[in-house]
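Report on the structure given below.
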Amino acid sequence: MESTNFDTNKYQILSGKEASAHFKEEIRKEVEAFVAQGERAPHLAAILVGHDGGSETYVASKMKTCEEVGFKSSLIRYESDITEAELLKAIQTLNEDNELDGFIVQMPLPKHIDEQKVIEAVDPRKDVDGFHPENVGKMSIGLDTFVSATPLGIISLLKYYNISTRGKHCVVVGRSNIVGKPMANLLLYKGEQGDATVTVCHSRTPNIAEITKQADILIAAVGIPEYIKGDMVKNGVIVIDVGTTRIPDSSKKSGFRLSGDVKFDEVAPKASYITPVPGGVGPMTICSLMQNTLKAAKQRKK
Ligand code: GUN
């Protein structure tokens, strides 16, 4: 019988900050070698529509990381009243730009724009977000392609900390196209960070705690602050928290704090490993975007 008291395991933090610094240094060296061969530096562009606070921060962080690893970057901004047709035209221009290796359109977009149409307008060869159905399809059958940056970053984080998922029960909470679904898929790949038994839960799953309690590795990607409580996990669980909800907080200079999907104070004492928010999955996501862009640049050569 499981105790209802929280065990005080000494948990280890899975630092995305530390792991991403390692991977970024690898990318920087590869870019250096690439440029030394006479190639131009990889070039990533981001389209940012409107002024959503979260999107502003993410895109700024992506552009800054480009600089750190030696990429060229371009930020293309539009006001939120841009029409869908204008945005699709802008995407076409980027598709045809031979000086550009990859680009992203930061989501979410204003309600009058159909996100799926936008995703499908991006040339799959420049789709470094891995959102285009062609790339999603390839990923789902294990072909080499651009993989959505957050799940790819989580796999890299597990690899960095030598955490094997082989034969483990991985429970993914959340079924989004950009995190939950590709995450479940990657965990089914063969290999040390694959070979898992995967369960995907979501808002319509009854008795969700009964399932999350069975997780050896729990990936929380529901977007509900502190959704995973201490009594929803077993002792020794490995916890990956994908949540980054902004909570108003007048004690912070920015006026908000970031909250994960996991109630850290309750869950961490039961965990063997856990990601912090911020400084966990977030930096790994950006790192994977850089890896995808380098991949696009190398393919351009061929
Ligand atoms: N919005 C939240 N995450 C992402 C992402 O990975 N890529 C893009 N383009 N938009 C996002």
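Throughout, read-outs are computed from the coordinates displayed, never taken from laboratory work. A quick note: this is a predicted structure, and the numbers were derived from the prediction, not measured. All Cβ positions, even for glycine, are placed from backbone atoms using ideal geometry, and neighbour counts span all protein chains on display.
Things worth noting here:
- Volume per residue of the C-alpha convex hull in region 8-123, rounded to whole Å³: 138
- If the segment from K17 to E39 were pulled out straight at 0.36 nm per residue, it would be longer than the present Cα-Cα gap by 5.0 nm.
- Size descriptors for the chain, from the alpha-carbon set: Rg then Dmax equal 19.6, 64 Å.
- Fraction of the pair-distance distribution of region 218-302 above 22 Å, Cα-Cα pairs, percent: 39
- Using a Förster distance of 41 Å, the FRET efficiency for E210-E79 (Cβ separation, nearest 0.05): 0.30
- Degrees between helix 53-69 axis and first principal axis of the chain (Cα, 0 to 90, nearest 10): 70
- Hull volume in cubic angstrom per residue (convex hull over the Cα atoms of region 80-230): 134
- Modelled label positions at D97 and H202, each set 7 Å beyond Cα in the direction of Cβ, lie 3.4 nm from each other.
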